[in-house]
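Each remark here refers to the structure printed beneath this line.
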Amino acid sequence: MLLLGVLTAFPPMSLDLYLPGMPSIAQTFGVPPDGAQSTIASFLVGLGIGQFFYGPASDRWGRRWPILIGALIYVAASIGCAMATSLSALTWARFVQALGGCAGGVVARAVVRDLYDHRESARVLSILMLIMGCAPIVAPLVGGFILKVFDWRGIFWLLMAFGAITAVWTFFALPESRSEETAKSARGEHPLKTYLALLKNRKLMGFAIAQALNSGALFTYMSASPGVLIATYHVPTDQFGYVFGVNAAGLIGMSQVNRRLLRRYTPDEIVMAVRPVTLVFALLLLIAAFTGWGGLPGVLIPLFFCISTFGFMGPNTTASSFAIDPLRAGSISALMGGTSFGVGGLCSAIISHIHDGGARPMAVAIMVCFLGSSLALYTMALPKAERVKAPKRR
């Protein structure tokens, strides 16, 4: 369980560890403070693209080797990031780093589906979020500490070590969980036909779109928060990690509340109950951003609750998507993760171009993403005719 959590932590570690260093990266390469956001966008796009290869590969050839291959790519690309001599080179190295780093998450989710049913997989994914969620809390603090001792390049040397250690751990500790039935099904079907079949499934695509737009809101926050908090509200660089960590702690806490709620309710019931609450807090964030009401707390408080609700949405939408077609778990994991990070990368790129130094663009983007996600849930994934309440467990 700990290893699976670490494997899913590759993206947040790779993103959050170097967030405090973005202003110094921009200064090194002589670009505006927001110019370094291109390295976030390229990483998210790489995460989205890479998963589409690892998912079918894990169904066909097993769970372990795709992770090991991805980790080796990640290590090599981290070295390239540390030695980059231009912002363009760093941006491309981050893209390749993402192509390797996405393997752990997509395969780890498939392993969970190999071992657990619909409800239990949601509970296990909530546990993994507890482990994975430590990265957004610890990583910015570690990144800020590294910047006191080294320059931003030291952050990527640390990521290189993280990738190498995880690869060794995986080689010795991760057993093969893919069933022979899954392997037989994957070998008898071309990956393109697999994805085509998944894309035709309206219910599955509803969950995929809903989760992708949720991720778009999350990565909008991640991309915009350094500029909003450090540049606009003058939060010191070495304290930025604390603010970022509080929001991550809220996400972790709600994921554990979700784990307990799953004893009585289905993943679908929880998703439908939480979504209206998310929209309320997104509206409060929008009002605070446009009116200036409450200053920094007026933005941070509703933002905290917006981010915290991901502790409910992520595990439950993923588990529900796996339940639709368990024999294609790797490909479904890739589709869910790939669309999530693809939309996240797009939102990150858009926010980097329209960011005006304030909280308004971030608040608008988060609200638009939440509205789109709600539409996908209500009309595709869980239309009213299919919302049949499951019996509660004692």
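Every number in this text was worked out from the coordinates using simple rules, so none of it is lab data. Quick caveat: nothing in here was measured; it's all calculated off a predicted structure. Cβ sites come from the backbone with ideal geometry, for glycine too, and all protein chains shown count toward neighbours.
List of remarks:
- Restricting the first member to the range 104-128 and to residues that are farther than 13 Å from Ser333 by Cα, and the second to residues that are assigned to a helix (DSSP H, G or I) and aliphatic (A, V, I, L, M), the beta-carbon pairs closer than 6 Å and six or more apart or on different chains are Tyr116/Val124; His118/Ala319; His118/Ala323; Ala122/Ala319; Val124/Val112; Leu128/Leu4.
- Of the residues making up the range 41-98, those that are within 16 Å of Tyr18 (Cα to Cα) and outside any helix (DSSP H, G or I) are Met83, Ala84.
- In the range 58-115, the residues that are hydroxyl-bearing (Ser, Thr, Tyr) and closer than 23 Å to Ser126 by Cα: Ser58
- Positions within the range 1-16 being surrounded by 24 or more Cβ atoms within 10 Å (Cβ to Cβ) and in contact with a Pro (Cβ under 7 Å, 6 or more places away or on another chain), in sequence order: Asp16
- Leu213 vs. criteria among the hydrophobic types (A, V, I, L, M, F, W, C), in contact with a Phe, Trp or Tyr (Cβ under 8 Å, 6 or more places away or on another chain) and over 15 Å from Pro12 (Cα atoms): yes
- Residue match in the range 161-170 (condition: aromatic (Phe, Trp, Tyr) and free of Cβ contacts under 8 Å to residues at least 60 places away in the same chain): no
- Enumeration of residues in the range 30-40 that are crowded, with 18+ Cβ neighbours inside 10 Å and in contact with a Leu (Cβ under 8 Å, 6 or more places away or on another chain): Ala36, Ser38, Thr39, Ile40
- Subset tally (residues that are buried (at least 21 other Cβ atoms within 10 Å of the Cβ) and of a type in the set (Lys, Arg)) for the range 174-233: 1
- Answer from Ala108, Ala26 - the residue that is surrounded by 18 or more Cβ atoms within 10 Å (Cβ to Cβ) and either over 26 Å from Leu213 (Cα atoms) or touching a strand residue (DSSP E or B) at 6+ places or on another chain (Cβ under 7 Å) (or both): Ala26
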